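Q: If you scroll down you'll find the structure; I have some questions about it.
The values are calculated or read from the model by the stated rules, or taken from the named source; none is laboratory data. All figures in this text were calculated on a predicted structure; none of them were measured in a lab. Remember, those area values only see protein heavy atoms, side chains included, never the ligands or the DNA or RNA. Shrake-Rupley method; radii C 1.70, N 1.55, O 1.52, S 1.80 Å.
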Amino acid sequence: MAAPRVVNARQTRSKGEPATRTRILKDSTIESVAEFINNGSAKNIIVMSGAGISTAAGIKDFRSPGTGLYDDLERFNLPYPEAVFDISFFKDNPDPFYRLAKELLPGRYRPTFTHYLLPLLAKKNLLLRSYTQNIDMLERLTGLDEELLVEAHGSFATSECIQCHELCDNSHVRKHILKGEIPHCKECKGLVKPTITFFGEQLPDRFGTLAQVDFKKCDLLIVLGTSLQVEPFNRLITRVPASCPRLLINREKAGEDMHLGFDFDDKWKYPVLRDALFLGNCDEGVRQLAKLCGWEGELQAMFEAGNIEMALAEELEALTLAKEAEEEQKEIEERAKAEKENKDKDEEEKPHVKEDPENILKDTHENHKVPKNLDEESKSTSNNTAADTVDEVDAITDRLQATEISSSKKDSASSKDKVKDDKSS
Ligand code: OAD
């Protein structure tokens with residue numbers, strides 16, 4: 001590759017090269033990309049991401065040898081690893097997916113430093129859209145406006161019947177998954193699955209509609225933590241204008257073996273030189289980019305505020321779950337108590353064979369007790385516990401409201417309402 005130059009046109013010509021070549025970035029480093037941003041050339045940035053942005057959160061990626069999810073599926077006895085997300089396989093054998101879904105279910109993981117690049121770019125009015133292959137929903141937890149997000153492979157946010165395509169109650173599906181049960185449609189008894197796009201299924205309409213418009217407008221593409229092995233998502237990198245610079249931040253090179261794919265080493269002699277590479281962890285690469293753009297402090301602050309908010313939301317969730325479990329247990333105990341009382345009453349009402357038949361009749365009548373008002377009794381104990389929980393929930397919600405990011409705020413508010421509703425009902 002020729003020595004870096006800031007100029008736009010490169011006139012040198014070697015064998016097999018086009019007559020005129022244009023250099024968009026000074027060179028293929030992250031510094032050149034930062035320079036491109038700093039001189040105001042990037043106004044419509046698209047971020048494409050994959051499982052590598054979530055490994056720092058504790059979620060496995062798919063294909064990293066040894067640590068990826070596909071190397072850890074022997075226990076499911078699959079014909080090939082991707083079968084766990086294959087719709088034909090799922091129809092015959094949904095069990096492996098549901099066992100895995102229990103481990104993947106969102107709610108236990110927090111967004112990484114890299115995830116907060118998205119709301120930061122949005123705040124600076126530089127983010128055209130974030131396209132993710134991830135189903136972990138961590139982008140949403142950063143408070144990113146959902147309008148700026150395309151979950152190309154769907155998510156756990158909703159669930160639908162694969163037969164009649166009715167949307168199903170997601171909390172009901174979640175409960176089934178957590179109990180290790182397979183949910184079925186109430187309408188047609190078909191299999192219900194979260195709206196994750198399986199191999200053999202269409203990507204969400206939103207993906208096709210927005211990609212068609214967005215990628216033409218893109219003036220900087222940042223690709224994070226993906227092996228770019230799955231179509232059609234990987235092809236998106238070829239759909240930006242020829243003059244649009246592209247940066248890959250990943251532990252390994254990717255996306256080089258396709259028409260108009262990445263060319264970090266000037267192997268394909270494209271007429272335009274515009275690809276940059278940061279080899280390493282996403283969090284490191286994103287931190288370096290932010291630093292070079294003068295955003296590091298701001299990004300760190302967003303990450304820390306997000307973490308505080310997540311911790312509070314998790315505390316609230318744990319309390320809500322504890323309250324639900326407590327109520328469930330109380331119901332079980334009340335039912336057992338009522339059953340026992342009925343049984344005792346039946347025993348008492350049984351005629352004593354040796355006694356005078358007249359006395360038996362009399363005894364049974366006298367012994368016939370009015371059942372205790374279980375409702376009254378349960379209400380008084382239940383109110384104490386629920387009130388305590390509501391106070392705690394209120395306190396946490398107030399603390400949550402004092403923090404910045406809005407999406408979790410909505411969740412906590414609704415949880416608070418839920419606890420209150422539960423209490424009043
Ligand atoms: P892959 O597992 O194929 O690729 C993850 C990439 O991220 C690899 O290149 C890793 O080297 C890299 N990586 C891992 N951790 C990293 C880190 N902390 N920093 C930087 N790089 C890191 O995952 P995806 O490309 O997302 O689809 O896989 C795409 C699709 O394949 C998934 O959406 C899923 C899967 O089958 C469906 O299930 C439909």
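Q: Under 5 Å between amide H atoms, partner at least 5 residues away or on a different chain: which partners does Ser155 have, H built in plane at 1.01 Å?
A: Thr195, Ile196, Thr197
Q: What is the set of long-range amide H partners of Leu273 at a cut-off below 5 Å, with H atoms built 1.01 Å from backbone N?
A: Thr22, Arg23, Ile24
Q: Using a 1.4 Å probe on the protein heavy atoms only, what accessible surface does Thr132 show? Give it in Å² to the nearest 10.
A: 0 Å²
Q: Have a look at segment 9-321 and give its Rg and Dmax from the Cα atoms, expressed in angstrom.
A: Values for segment 9-321 (Cα only, Rg and Dmax): 20.7, 69 Å.
Q: Here's another thing I want to ask about it. Output ³J(HN,Hα) for segment 298-305: one whole-Hz value per residue in order, computed from phi by the Karplus curve 6.51 cos²θ - 1.76 cosθ + 1.60 with θ = phi - 60°, and x for Gly and Pro.
A: Taking θ as phi minus 60°, the curve returns 5, 5, 4, 5, 5, 4, 5, 4 Hz for segment 298-305.
Q: Follow-up question, since we're still on this one. With a probe of 1.4 Å, find how much accessible area segment 58-103 has per residue, and write the answer as a whole number in Å².
A: 53 Å²
Q: Here is a further query. Let me see the P(r) profile for segment 235-334: every Cα-Cα distance counted, bins of 10 Å, each bin given as a percent of all pairs.
A: P(r) over segment 235-334, rounded to whole percents: 13, 25, 20, 15, 13, 9, 4, 1.
Q: Pairs Lys26/Lys123; Lys193/Lys253; Lys216/Lys267; Lys60/Lys179; Lys217/Lys267: which exceed 32 Å Cα-Cα?
A: Check vs 32 Å cut-off fails for Lys193/Lys253.
Q: Using amide H atoms built 1.01 Å from N in the peptide plane, name the residues 5+ places from Val223, or on other chains, whose amide H lies under 5 Å from its own.
A: Here Met48, Leu247, Leu248, Ile249 satisfy the definition.
Q: Could you derive backbone 3J(HN,Hα) for segment 230-235 from the dihedral phi with the Karplus parameters 6.51, -1.76 and 1.60 (θ = phi - 60°), listing whole Hz in sequence and x where the residue is Gly or Pro?
A: Result, rounded to whole Hz: 10, 8, x, 3, 4, 5.
Q: Multiply the residue gap between Lys340 and Leu321 by 0.36 nm, knock off their C-alpha separation, and tell me the result in nm, one decimal place.
A: Length difference between fully extended and current span is 4.0 nm.
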